[in-house]
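Scroll down for the structure; my scribbles are underneath it.
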């Protein structure tokens, strides 16, 4: 299937490792010029070099997701350097944590506000695109109770609701908005890699709930994400796609 991505311009926040990097890498492989942002410059430079190996333009910027002006500046520079924007994938996240108050502030600023700030900056360019698409990365933990109460789950739930509202508002303007929620996913440096060592019982319990008895892989999430963001999925508007290997037990009506 031709996804219709060749020659398009994409931005992926949190694109230096894990799911974000896999998404950005697949977009580059499909012929998209790609811009990413994340925390560490070394990982960004490695990713950008990899993307450029596909014969596309690529750029990246190290920033703190809580820094609103830095996030906005990255998006403005992306549009300027790539000469426009067609796709934006909001993947930047503070990750999970306890129910301590500081995590609520971190997840609010990084997961929620970095997405809204990026979309606000991207909008003028997206509305000029014939293939404009926004994809919000949430989590299956926002759809049902999971492990323990934590800010991460709640802020991702807010993003799911926001993405649906945004989809209805932006559709007449020619911009598609969808949401994708991965299940437990293992990759180098992931929370699950740390949980496997530090909280082995939690890790084992999660595996028992997974029908396949394994964690997902970043590339498996990326394939679904890139399709949903691509022109090939142009009739998907306001969708919320669970990509969790059957982990979620609730029936999605």
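Every number in this text was worked out from the coordinates using simple rules, so none of it is lab data. Quantities reported herein were computed from a predicted structural model and do not represent experimental measurements. Neighbour counts run over all protein chains shown; Cβ positions are idealised from the backbone, glycine included.
Quick notes
- Any hit, the stretch 136-152, residues being in contact with a helix residue (DSSP H, G or I) (Cβ under 9 Å, 6 or more places away or on another chain), in a strand (DSSP E or B) and closer than 18 Å to residue 114 by Cα: yes
- In a residue-by-residue description of the stretch 161-176, the property of being assigned to a loop (DSSP other than H, G, I, E, B), surrounded by fewer than 15 Cβ atoms within 10 Å (Cβ to Cβ) and at positive phi applies to at least one position.
- Restricting attention to the stretch 25-39, the residues being part of a helix (DSSP H, G or I), free of Cβ contacts under 8 Å to residues at least 40 places away in the same chain and touching a strand residue (DSSP E or B) at 6+ places or on another chain (Cβ under 9 Å) number 1.
- Residue within the stretch 188-209 that is part of a loop (DSSP other than H, G, I, E, B) and touching a strand residue (DSSP E or B) at 6+ places or on another chain (Cβ under 6 Å) present: no
- For the stretch 80-126, the tally of residues that are assigned to a helix (DSSP H, G or I) and in contact (Cβ under 8 Å) with a residue 60 or more places away in the chain stands at 5.
- Those residues of the stretch 218-246 which are surrounded by 15 or more Cβ atoms within 10 Å (Cβ to Cβ) and not in a helix (DSSP H, G or I), in sequence order: 230, 236, 237, 238, 239, 240, 241, 242, 243, 244, 245
- Taking the conditions (1) without any contact (Cβ under 8 Å) to a residue 12 or more places away in the chain; (2) in contact with a strand residue (DSSP E or B) (Cβ under 9 Å, 6 or more places away or on another chain) in turn, residue 8 satisfies each one other than (1).
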